[in-house]
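The values are calculated or read from the model by the stated rules, or taken from the named source; none is laboratory data. Since the structure is predicted, the reported quantities are computational estimates derived from the model, not experimental observations. Please note: Cβ atoms are built from the backbone with ideal geometry, for glycine as well, and neighbour counts cover all protein chains shown.
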Amino acid sequence: MNHSDTSNIVDEIATLRDALFHLALLQLRNKSEAEDATQEAILAALESHTGFEHRSSLKTWLISILRFKVLDIIRAKKRLLPVSNMAKLEEELDVTVFDSLFEENGCWSAPKDAWSDPHSHVEQVQFFKILEACLTNLSPTASRAFLMREWLELSPDETCAQIGVSSGNLRVILYRARMQLRHCLDLKWDRNA
Amino acid sequence: MSHQVPITCKDTTWLVSDARERELTSEEKAALTAHIEHCELCQGASKQFEVLFRQLGMFLGKSGSP
């Protein structure tokens, strides 16, 4: 790798800082912790970027480094007390919000547009942007639980302990998150292809 | 197979979500497959979930971009 490649990568890493911070914030829901995780991930990336092989995108590589930093922070932290605000939890567990999507007999009430995977890099960037916006729309509890499962790959039991809910409640929280994401993408993604 | 309890579209969405946390039982898998096979709406919805989970994996750095 020559000098200009190196400085390109350093510049590129810097431009991805905001995206990394945003993901860390979605998971941690704490600005200073998210800042720390981002900073540490970037430092680690700068130290080892000569080892970056272009098998994955730079962003993917950075996100995988960030994942370890976020995991460290979560595991070092004392587990949260159970969600104390019962009204809040009830809201998180309300699945009747999806009732309008289904008929009384449990059938979908409207046909589903056929999605396809993004066909190009440009389309994928667009998809990711919408996905990120949709993740941001989830409640703090839902996005934390969802990302603990889908990104950090904590077990369901560990996720329950971290969020402070029963496994039954976690099941509902994750169901709601997935239904909301599908719905949000369905509204925002123009997937005509 | 003939003793399968039919499930609704709503039920399929729960199974699709649950499958991310645990292996579905063979009865659940059979019921899910049988329902989706005959339900155009669920074919659309399950394709959407498939794309969502695949792209999410890429977004979160689980696999390379195209």
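Assorted remarks:
- Residue within the range B:14-36 that is within 10 Å of the chain's Cα centre (by Cα), in a loop (DSSP other than H, G, I, E, B) and not hydrophobic (A, V, I, L, M, F, W, C) present: yes
- Search result, residues across the range B:43-66 that are in contact (Cβ under 8 Å) with a residue 12 or more places away in the chain and either basic (Lys, Arg) or more than 7 Å from every other protein chain (Cβ to nearest Cβ) (or both): B:Ser46, B:Phe53
- The set of residues in the range A:139-153 that are surrounded by fewer than 21 Cβ atoms within 10 Å (Cβ to Cβ) and over 17 Å from A:Arg182 (Cβ atoms) comprises A:Pro140, A:Leu152, A:Glu153.
- Selected residue [more than 8 Å from chain B (Cβ to nearest Cβ), within 14 Å of A:Trp189 (Cβ to Cβ), surrounded by 12 or more Cβ atoms within 10 Å (Cβ to Cβ) and not β-branched (Val, Ile, Thr)] from A:Glu91, A:Glu123, A:Glu158, A:Glu103: A:Glu123
- A:Lys59 falls short on exactly one of the conditions (1) touching a helix residue (DSSP H, G or I) at 6+ places or on another chain (Cβ under 8 Å); (2) buried (at least 19 other Cβ atoms within 10 Å of the Cβ); (3) at pLDDT 95 or above, and that condition is (3).
- For the range B:9-42, the tally of residues that are at the interface with another protein chain (Cβ under 10 Å from one of its Cβ atoms) and free of Cβ contacts under 8 Å to residues at least 12 places away in the same chain stands at 7.
- Filtering the range A:10-56 to residues that are among the basic types (Lys, Arg) and either surrounded by 13 or more Cβ atoms within 10 Å (Cβ to Cβ) or not in a helix (DSSP H, G or I) (or both) leaves A:Arg17, A:Arg29, A:Arg55.
- Index of the failed condition, A:Thr136 passing every other in (1) surrounded by 17 or more Cβ atoms within 10 Å (Cβ to Cβ); (2) away from chain B (no Cβ under 12 Å): (1)
- Scanning the range A:157-193 for residues being in a helix (DSSP H, G or I) and free of Cβ contacts under 8 Å to residues at least 40 places away in the same chain gives a total of 13.
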